[in-house]
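The values are calculated or read from the model by the stated rules, or taken from the named source; none is laboratory data. No experiment lies behind these values; they were computed from the predicted model shown. In this analysis, Cβ positions are derived from the backbone assuming ideal geometry, glycine residues included, and neighbour counts consider all displayed protein chains. The accessibility values were calculated without ligands, DNA or RNA, using every heavy atom of the protein model including side chains. Shrake-Rupley method; radii C 1.70, N 1.55, O 1.52, S 1.80 Å.
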Amino acid sequence: MVVTNPITSTVVLSCVSLYYYFGGKLTVSVSLLVIYALAYDSEHENFLSENSQEVKSLEPEKETKKKKKCCGGKDGGCCSTKNKNGAKKKEGCCGSGKCAPKNKNKSSGARSGDSEVTEKENEKEAKKSEFPMAVDFTQSFKIKGKSNSSELSELKVNGNNARPLKRFAKRIQNKKNDDNVEVDIIKSAMTISKDKLLNSQIYIFYSSLQGAAARNAEKAHVLLSESKELESKPILMNLDEIDDLDEYFVNTPVENALYIFVLPSYDSDCPLDYFLQTLSENFHDFRIDKFPLRKLVGYTVLGLGDSESWPEKFCYQAKMTDTWISKLGGRRIFPVGEVCVKVDGEDKVTEWIDLFCEMLKDDEPILYEYDENDDDYEDPEETNENDDDELIDLEDIGAVNNDSSLGIKKMVAKDSPTYKQLTKQGYTIVGSHSGVKICRWTKSDLRGTGSCYKQSLFNIVSSRCMELTPSLACSSKCVFCWRHGTNPVSKSWRWEVDEPEYILENALQGHYSKIKQMRGVPGVVAERFAKAFKVAHCALSLVGEPIMYPYINRFVELLHSKDISSFLVCNAQHPDALRNLGKVTQLYVSIDAPTKFDLKKVDRPLFKDFWERMLECLDLINSLQSHQRTVYRLTLVKGFNMGDISAYADLVERGNPCFIEVKGATFAGSSTGNGNSLTMQNIPFYEECTNFVKEFSAELQRRGLAYDVAAEHAHSNTILIANTKFKINNEWHTHIDFEKFFTLLKSGEEFTHLDYMAKTPEWALFGNGGFAPGNTRIHRKGKKKNKDLINETVTLPPLPAAI
Ligand SMILES: Cc1cc2nc3c(=O)[nH]c(=O)nc-3n(C[C@H](O)[C@H](O)[C@H](O)COP(=O)(O)O)c2cc1C
Ligand code: SF4
């Protein structure tokens, strides 16, 4: 029996309850039911009889119920209710008010002949109706906007909504991030204008009291006038003779103007004061466009001064000019030159002008802003979101590649997600398996704010260092790796191989192109910038395992033939490659943990016999490769590998390296996606690193091993323990004499690490901080100063960001 009337349902339920209550006294219940039915019937005619009819006509009723729902048709769909005879009783549309014809026909034969007039009446009636209209709420859960059939089918096919919906959201997020990245790139790396710099009209402004600036401005004028590539002859102008400075510094004389300033500095009254005052006033004058000089194609400043007599105010007015022109919207297209007329002479001016002329021909994008924080580590969120969707573990690909039917593949093909990911992170992918990336220390050194720790420990100048790997693939997945496993992993080489010549040529090109982009960044030191175009060192590390590259020896030889020193870092997992390695300037072995158990935890190596492999490598360091300058690199991760000093000492005893470089890990964000669960708690403080090193050194000495703490670079939590054979006459010689290295190499004679060492400077010795003189230390906002590091630190006033 089907009971639909709510009152009836209540009565029946009551009866059943009473039946049970009275212990199955059916008679009582039935009598109560009959009494109620009689009473109800007298009030509602034929209640029982009508209900019995309803039961009989079950199928038509079903249809009636169905039609009470919104038809969900186009234009809002039609809603209708019918009376018990099946005739139209009430009608309403939940959307536009139009009834979809399909449903009209279906609902009843009586509807087929309805006229438009009737429809309108019905609409009115529906509006008057007190009953709520039926609404299909399933529509509310559909994804808004343009439907994407593939997304929807993905949702359907999967069956489990959680995962695809997450992926869907992720992709939307990716899209958003991609857009942001694009905007940022456009903002920070835009070229000056659509026109080439060579098509611009150059104005050379100078101011001079004693003639030096006038002479050098004239020199620039002559050199630029001789250039056949410049479309217009440059114009030379004495700032002090311009009647109305606004003609040039509020308005611009022509549309394609490019300004060069050749300026002295005077700490006493001079005409330049008026010029600088005018610029400052213009900047603060609310009636003037805030950035009037954005109309310029670009500008640059060459300062002349005297660094001996005015070290504190060296070229300060040239720097002020740079600041104001930039504040007024000018785009710096070349680093500010600072020439000391006493020390450098006028050759340096010529050098600056020559390089400037070279740069005019370049279409390379120019960075106008540079945030050092960008280089520290990638945004973990950004990296993580692609972990499971896009990045492919190349070990797995390797397995696929073993299928001979597929042939040898490229390690990182141009159209692969890994390629996209790595280039997004700033890598220049060279060929199919090498990468080059300008390191943050290179940028920092270019800006005069300090080199990396390898300068204090070994004499590497960061602005002349290229960071490169000939193998983006690695055989470990270290927890502290700043790539978060975005690089390919594999135990052995399974890919196409590029020739060393090709890699080096293109890597240098990629490196120089990134250096060029730095020419507009505030603070770039022109002299370092010029020298950066002659790479002197190559750090073969970056990401991946360089020693896996089959032609690593040929590659290193090629570097040396160009007077580029080689610093090769290996992960101690490839003893065969290490056995065959030729001479390198310095050979690193990463010792990421002192015990088998810890090493597995930290490095997550792919090899099952990883521990035996490492020990074999250490034996090689102590035998076949003992002629090399060998370094153990320890990366300290709190809670992972800082405990067992005695076990570390065992490894030192085994390999007997020249140096032990101890470095606190840097936080590269944590990522659960690839098992990297590091947090800031795992990053040791400098004091913890120094304590570790002192204990370590004491343990080595206790065993009769000749090691002691030698140098440091406190800024990057790095300390060097050296074998005391590098202490000559009680003075540490941990630095490298590069000239000597190349001379020895070219001589063809055999030589060892003891033949090209150089004295460690005072500032680099342990306890002195290791911050190289000639640089300005900048403390980042919010970063607590370490009381041990207060020597030679200056906090610079913020430079205006160029527009
Ligand atoms: C009185 C005086 C003050 C100076 N003040 C500075 C100074 O503050 N900073 C600086 O770098 N050079 C300073 N210099 C050096 C000049 O800037 C330098 O000699 C410059 O080449 C002069 O250019 P000019 O011959 O075109 O006037 C000063 C020189 C003099 C004579
Ligand atoms: S040695 Fe390494 S950290 Fe230092 S500048 Fe070169 S690439 Fe950068």
* To do: Determine which single condition Glu545 fails, assuming it passes every other condition in (1) more than 30 Å from Asp650 (Cα to Cα); (2) crowded, with 23+ Cβ neighbours inside 10 Å.
  => (1)
* The listed residue being open to solvent by less than 10 Å² (accessible area, probe 1.4 Å), touching a residue at least 12 places away in the same chain (Cβ under 8 Å) and under 39 Å from the mean Cα position of the chain (by Cα), out of Leu360, Leu355, Leu272 -> Leu360
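Rundown of residues vs (1) under 23 Å from Ile660 (Cα atoms); (2) away from ligand 2 (no atom under 15 Å from the Cβ), yes/no style:
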position	(1), (2)
Tyr427	no, no
Thr442	no, no
Leu457	yes, no
Ser490	no, yes
Tyr502	no, yes
His511	no, no
Lys516	no, yes
Lys531	no, no
Ala536	no, no
* Restricting the stretch 218-245 to residues that are touching a residue at least 60 places away in the same chain (Cβ under 8 Å) and among the hydrophobic types (A, V, I, L, M, F, W, C), the residue that is surrounded by the fewest Cβ atoms within 10 Å (Cβ to Cβ) -> Leu223
* Any idea which of Glu527, Glu501 is assigned to a helix (DSSP H, G or I) and within 16 Å of ligand 1 (Cβ to nearest atom)? -> Glu527
* Quick check: is even one residue across the stretch 630-651 at pLDDT below 90 and open to solvent by less than 10 Å² (accessible area, probe 1.4 Å)? -> yes
* Consider only pairs whose beta carbons are under 9 Å apart and that are at least six residues apart or on different chains; among these, list those whose first residue lies in the stretch 420-437 and is within 13 Å of Ala473 (Cα to Cα) and whose second residue is part of a strand (DSSP E or B) and among the aliphatic types (A, V, I, L, M). => Leu422/Ile429; Ile429/Val436; Ser434/Leu468; Gly435/Ile429; Gly435/Leu468
* Among the residues of the stretch 754-775, write down those that are without any contact (Cβ under 8 Å) to a residue 60 or more places away in the chain and assigned to a helix (DSSP H, G or I). => Leu754, Asp755, Glu762
* Is at least one residue of the stretch 736-753 among the aliphatic types (A, V, I, L, M) and either in a strand (DSSP E or B) or closer than 22 Å to Glu712 by Cβ (or both)? -> yes
* To do: Name the residue, out of Gly431, Gly435, that is away from ligand 1 (no atom under 16 Å from the Cβ), within 30 Å of Ala526 (Cβ to Cβ) and in the same structural domain as Phe607 (by TED's automatic domain parsing).
  => Gly435
* Asked: Applying the selection to the stretch 600-642, what residues are polar (S, T, N, Q) and free of Cβ contacts under 8 Å to residues at least 12 places away in the same chain?
  -> Ser623
* Across the stretch 312-345, which residue is most open to solvent (accessible area, probe 1.4 Å) among those that are charged (D, E, K, R) and under 29 Å from Lys196 (Cβ atoms)? -> Lys319
* To do: Just give me the residues in the stretch 202-217 being open to solvent by less than 30 Å² (accessible area, probe 1.4 Å) and under 22 Å from Arg331 (Cα atoms), in sequence order.
  => Ile202, Tyr203, Ile204, Phe205, Ser207, Ala217
* Sort out which residues of the stretch 630-653 are touching an Asp or Glu at 6+ places or on another chain (Cβ under 7 Å) and in a helix (DSSP H, G or I), and write them in order of number. => Ile645, Ser646, Ala649
* Could you tell me which of the residues Leu279, Leu263 is outside the structural domain of Asp445 (by TED's automatic domain parsing) and surrounded by 24 or more Cβ atoms within 10 Å (Cβ to Cβ)? => Leu263
* Is it true that some residue in the stretch 783-801 is assigned to a loop (DSSP other than H, G, I, E, B), at pLDDT 50 or above and open to solvent by less than 50 Å² (accessible area, probe 1.4 Å)? -> no
* Starting from residues that are without any contact (Cβ under 8 Å) to a residue 60 or more places away in the chain, away from ligand 2 (no atom under 16 Å from the Cβ) and in contact with a Pro (Cβ under 9 Å, 6 or more places away or on another chain), keep the ones in the stretch 554-576 and report whichever is most open to solvent (accessible area, probe 1.4 Å). => Glu557
